[in-house]
1. Given 5 Å bins starting at zero, what is the percent of C-alpha pairs of the stretch 11-90 in each, up to the one with the largest pair distance?
2. Please build a GNM for the chain, connecting alpha carbons under 10 Å apart, and tell me which residue among ASP49, ASP14, ASP28 fluctuates the most.
3. If we count other beta carbons within 10 Å of each Cβ, what is the order of ILE25, ILE209, fewest first?
4. For the chain, give me the percentage of DSSP beta bridges that are antiparallel, rounded to the nearest 5 percent.
5. Based on other C-beta atoms within 10 Å, arrange TRP220, TRP186 from fewest to most.
6. Charges at C-beta only: +1 for Lys and Arg, -1 for Asp and Glu. How large is the resulting dipole of the stretch 178-225 about its Cα centre, in Debye rounded to 20?
7. For ASP202 and VAL157, FRET efficiency with R0 = 35 Å and r from the beta-carbon atoms, rounded to 0.05?
8. So what is the diffusion coefficient of the chain in µm² per second by Stokes-Einstein at 37 °C and 0.692 mPa s, using a Kirkwood Rh over Cα pairs?
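Taken together, the values in this text are just the output of simple stated rules run on the coordinates, not laboratory data. This one's a predicted model, so the numbers in the text were calculated from it and none came from an experiment. Neighbour counts run over all protein chains shown; Cβ positions are idealised from the backbone, glycine included.
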Amino acid sequence: MSIQLPPRLMAIVDHINVEDRVADIGSDHGLLPLFLVEERHLTRVYASDNKEGPFNILHKAVMEASLDKQIQVDLADGLKRMPEDINTVVISGMGGDVICDIINNSIDKLDQIKKIILVPHTKADEVRSLMAFYGFSFEDEMVVQEDNHFYEIIVMVPKRHIYCGLELVFGPVNLNQKSASFIKMWRERYERNEKLLSENIDDHRRDQILAEQEKIETLWSKQKF
Ligand SMILES: C[S@@+](CC[C@H](N)C(=O)[O-])C[C@H]1O[C@@H](n2cnc3c(N)ncnc32)[C@H](O)[C@@H]1O
């Protein structure tokens, strides 16, 4: 049976090689590990989730596909029980604060990683800053649109580099490439923020939105698009 992946997961697959030993943290439905083994012929994948419901779905999907030799499933929190031979980590489909917690709770695991692919649903700037702080640099980035949602795919490798504030907010590769989806995402975010500012929102939220608008305006003025 061939597996259809949504575009954001396909973008992750495009950054994984057959010899990589991959951990999919927060695997849920298990689509990514199943695709990597069935369609990309990877032989070693660790797929985990920290909640029983999603873990049971993952476990069942792997057993039904008879791929339990290639895909090791685990009911585990973040990177805490990731096996030592894993060298490529995917954390996709969670808020940026959850991703930061997962990283901060397992700093000792960062040494074994040669590539990490992150897809935060929120607070991508905080994820970028944290990973740069831990000595990772940006290998690739992209913005993928699925229906009305934009997903930021961030691919990082262990290599220390100093980034400026604007690069950590928007992504250095995104700023270089200026893809149509990247520009569209920030234009729509700006318009949505303007609409929110015209509504009755509390002061704290208003300050947050105004701060983001200022950053987007700096982006427009510096990048000239
Ligand atoms: C929305 S699903 C994303 C599924 C898939 N990774 C994707 O991108 O389509 C997020 C999953 O992350 C799991 N999760 C959240 N926090 C986690 C943690 N600390 N450790 C492992 N899994 C976690 C949730 O239980 C949920 O199944």
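1. Answer for the stretch 11-90: a P(r) of 3, 18, 32, 26, 17, 4, 0 percent.
2. ASP14
3. Least to most surrounded, the residues fall as ILE209, ILE25.
4. Here the antiparallel bridges make up roughly 40 percent for the chain.
5. Going from sparsest to densest Cβ surroundings: TRP220, TRP186.
6. Roughly 420 debye, rounded to the nearest 20.
7. Approximately 0.30, to the nearest 0.05.
8. 177
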